[in-house]
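Written out below as structure tokens is the structure these notes cover.
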Amino acid sequence: MNQPFAPGDDLIFQLESGFGLLRVIAIDEREGKSVWHLLAYEELFPDVESAERALAQPSSLHIRQPHMALTERAFERTPAARLGNRPVSDDERAPYDKWIEQGGKVSGSIGVVAVGTSMNKLLHRVSEARP
């Protein structure tokens, strides 16, 4: 995958009921393929402009999932666009560092499907939880 995103990028993706935000915490390589480390925010937005306004005050956002390790294949299934970039904080990076300390394992093809499915389910639950 051509890496169009970098650590610190804020990404927007579309769900049926609005737009959600992800944040790239880190990108590492495993067996010649990228592993994407993302943070997912809880908020949903009716449009891109609302998401951009929220990112102007990132401390007001609520973290839904502090760390998701996605294989390149799973990440490619999550169409997203870059809204901006800001430095990754130590607090944001801590769950990734913990993942590394615990062995940072990424499963094979079954794991790829499971991670991608888990992310889609998580994002769908976030959309259903919002009024």
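The values are calculated or read from the model by the stated rules, or taken from the named source; none is laboratory data. Quick caveat, the model's predicted, so the values are computed rather than measured. Here the Cβ is made from the backbone with ideal geometry for all residues, glycine too, and neighbour counts use every protein chain on show.
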Search result, residues across segment 38-61 that are in a loop (DSSP other than H, G, I, E, B) and closer than 14 Å to ASP10 by Cα | ALA56, GLN57, LEU61
Do you know which residues across segment 73-100 are under 14 Å from VAL24 (Cβ atoms) and without any contact (Cβ under 8 Å) to a residue 24 or more places away in the chain?
-> SER89
Go through segment 75-121 and give me each residue that's loosely packed, with under 14 Cβ neighbours inside 10 Å, part of a helix (DSSP H, G or I) and either among the aromatic types (Phe, Trp, Tyr) or modelled with pLDDT under 55 (or both).
-> SER109, ILE110, ALA114, THR117
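When you check LEU21 against the structure, is it buried (at least 17 other Cβ atoms within 10 Å of the Cβ), under 11 Å from the mean Cα position of the chain (by Cα) and not charged (D, E, K, R), yes or no? Let's see the steps before the verdict.
Values: buried (at least 17 other Cβ atoms within 10 Å of the Cβ): yes; under 11 Å from the mean Cα position of the chain (by Cα): yes; not charged (D, E, K, R): yes.
In short, yes.
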Do you know which residues across segment 18-39 are touching an Asp or Glu at 6+ places or on another chain (Cβ under 8 Å) and aliphatic (A, V, I, L, M)?
-> LEU21, LEU22, VAL24, ILE25, VAL35, LEU39
